[in-house]
Amino acid sequence: KMGWQYGQGLGREQQGRVDPIPMLVKQDVTGIGLAEKDRAMHLSATAGPRRLESERQTLETDLERMERELRVEKQQEIRRELSEVTSVFHCELCDKRYQKVSEWENHLSSYDHNHKKVGGHRTAMMMMKMPCRLGGSSSTTN
């Protein structure tokens, strides 16, 4: 008499839960809350069409416009400063630019850089040793 019977509640007074607790067995390999999180993200992303930047600019107030212009000026200033700072890490011999000191130092000790440096030096030395022919004359000076 203490067991559960279909359609009746649990407990002595049968005031408890009428239906059994549903047991859902998870079949996929995602996390427990990932499906719900993905569903919420998809709903928010597809709730309405995204406005173009030009549409947003036409609808913005004067205060928002000034804030946006200040943000753009700050970003341009940061880019300018970064290009000045990283211009130090430019190898004129190899015509390569680096962003970090470690990349620059690796390049300076690389085979490619040293090969160009030695090769350029040898070419210059050979040009100095070669006889100079000026004016189209066929005679050579030693």
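Quick one: is residue 6 touching a strand residue (DSSP E or B) at 6+ places or on another chain (Cβ under 8 Å) and modelled with pLDDT under 85?
It is false that residue 6 is touching a strand residue (DSSP E or B) at 6+ places or on another chain (Cβ under 8 Å) and modelled with pLDDT under 85.
Go through (1) loosely packed, with under 10 Cβ neighbours inside 10 Å; (2) closer than 30 Å to residue 100 by Cβ and name the single condition residue 25 misses.
In the conditions (1) loosely packed, with under 10 Cβ neighbours inside 10 Å; (2) closer than 30 Å to residue 100 by Cβ, residue 25 misses (2) alone.
From the list 83, 87, 54, which one is at pLDDT 85 or above, on the phi < 0 side of the Ramachandran plot and of a type in the set (Gly, Ala, Ser)?
Exactly one of 83, 87, 54 is at pLDDT 85 or above, on the phi < 0 side of the Ramachandran plot and of a type in the set (Gly, Ala, Ser), namely 54.
From the list 24, 93, 70, 63, exactly one residue is in contact with a His (Cβ under 9 Å, 6 or more places away or on another chain) and of a type in the set (A, V, I, L, M). Which is it?
Unique residue meeting the criteria: 93.
Please list, ordered by residue number, the helices (runs of 4 or more DSSP H) wholly in the range 35-113 having 3 or more residues that are surrounded by 10 or more Cβ atoms within 10 Å (Cβ to Cβ) and under 24 Å from the mean Cα position of the chain (by Cα).
Working: elements: 53-59, 62-86, 101-108.
So the answer is 62-86, 101-108.
The values are calculated or read from the model by the stated rules, or taken from the named source; none is laboratory data. Small disclaimer: the values here were computed from a predicted structure and weren't measured. For neighbour counting, all protein chains shown are included, and Cβ atoms are generated from backbone atoms with ideal geometry for every residue, glycine included.
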